[in-house]
1. Which condition from (1) crowded, with 18+ Cβ neighbours inside 10 Å; (2) touching a Lys or Arg at 6+ places or on another chain (Cβ under 6 Å); (3) over 20 Å from ARG264 (Cα atoms) is the one that ASN11 breaks?
2. Condition test on VAL166, is it buried (at least 17 other Cβ atoms within 10 Å of the Cβ), of a type in the set (Val, Ile, Thr) and within 21 Å of the chain's Cα centre (by Cα)?
3. As an exercise: evaluate SER272 against (1) at pLDDT 90 or above; (2) surrounded by fewer than 17 Cβ atoms within 10 Å (Cβ to Cβ); (3) over 25 Å from ILE93 (Cβ atoms); (4) of a type in the set (Ser, Thr, Tyr) and give the number of the one condition it does not meet.
4. Test GLY96 against the stated conditions and say whether it is modelled with pLDDT of 95 or more, within 12 Å of the chain's Cα centre (by Cα) and among the small types (Gly, Ala, Ser).
5. Regarding GLU76, is this residue surrounded by 14 or more Cβ atoms within 10 Å (Cβ to Cβ) and over 30 Å from ARG187 (Cβ atoms)?
6. What about LEU78, is it more than 23 Å from ILE143 (Cα to Cα), outside the structural domain of VAL145 (by TED's automatic domain parsing) and of a type in the set (A, V, I, L, M)?
7. Which residue, of ILE126, ILE95, is assigned by TED's automatic domain parsing to the domain that holds PHE256, touching a residue at least 12 places away in the same chain (Cβ under 8 Å) and surrounded by fewer than 22 Cβ atoms within 10 Å (Cβ to Cβ)?
8. Quick check: is even one residue across the stretch 170-187 of a type in the set (Val, Ile, Thr) and under 20 Å from the mean Cα position of the chain (by Cα)?
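The values are calculated or read from the model by the stated rules, or taken from the named source; none is laboratory data. The structure presented is a predicted model; accordingly, all values stated were derived computationally and were not measured. Here the Cβ is made from the backbone with ideal geometry for all residues, glycine too, and neighbour counts use every protein chain on show.
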Amino acid sequence: MLNKKMNVLKNVVEAGSFTEAAKKLYTSQPAVSRDIKQLETEYEIQIFEETKHKLKLTAEGEVLYRYAVDMEVMNEHLINDIYQTAGEVKGDIYIGASHSFGEFVLPGILIDIHRKYPELNCHVHIGNSQEIIDHLRDKTIDIGVIEIDKTYTGIELYPLFKDEMVMIIHKSLDKEGGRGQSKCFVREPYSGTRYYQETALKNTGLTPVKIEINNTELIKECVRNRMGFSILSKLAVEHENLKEMQISPTGITRNFSAAVSSGRYRSLKVQSVLDILHSNA
């Protein structure tokens, strides 16, 4: 296990503040400050520069932080080697998924993981694609699933399956033509869905007022109530009773891809979950 004080340092740096680190560690801000002070006394250095706005590591603090990161990686290696020797897939794994995948595909995959590896505890974070990439980079998740077809520095992508984007509008509004298409409900910036919504709008030549909502279920409810139209993943609508909706293809497809950090040790549990993701593709 990573030394407690070194773990506190790592969390302070990655959270960007003593207060946020304390929340993440379920402790108090004075306790975090005390651990940092003890590290400074132990190594006879100053870890952070004195600035008014944000934390900044000193040169010595940078060295200590790198060792804290290396110690965490070595601990991962140790735990994995122990479990791998015994052929066991167990412990904790952290999975991040974009909203579309997380809401409509991941539940079935979690069931498969539990059936095959009952001692593997899957912790899940649902966010937009950019959030998932950020969490992979700061190592707060082990595996991500995103929906944007682009490359990211330090990230390895493994395509899983294709998804289709469709336009949905209430049939009564569809008959009204232009007025019915005056408002489009879209996801937030940096969402994978938003990227393809913008592409579809550009391709169709439509220029509606864009209303941002960061929840697909709420978007569908707005469309059901004749408030406007939207462009969503076919996964979000294919299993629902949408008799009152006009669902039209946009001709746009996208890949859902598994994502891992290219510089991070590939543990047995991570590889096992990747294998299940591929088998469900």
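1. (3)
2. On the way: buried (at least 17 other Cβ atoms within 10 Å of the Cβ): yes; of a type in the set (Val, Ile, Thr): yes; within 21 Å of the chain's Cα centre (by Cα): no.
Answer is no for this residue.
3. Failed condition: (3).
4. Values: modelled with pLDDT of 95 or more: yes; within 12 Å of the chain's Cα centre (by Cα): yes; among the small types (Gly, Ala, Ser): yes.
Spelling it out, GLY96 is indeed modelled with pLDDT of 95 or more, within 12 Å of the chain's Cα centre (by Cα) and among the small types (Gly, Ala, Ser).
5. Yes, satisfied.
6. Criteria not met by LEU78.
7. Working: ILE95 fails: surrounded by fewer than 22 Cβ atoms within 10 Å (Cβ to Cβ).
Only one candidate qualifies: ILE126.
8. There is at least one residue in the stretch 170-187 that is of a type in the set (Val, Ile, Thr) and under 20 Å from the mean Cα position of the chain (by Cα).
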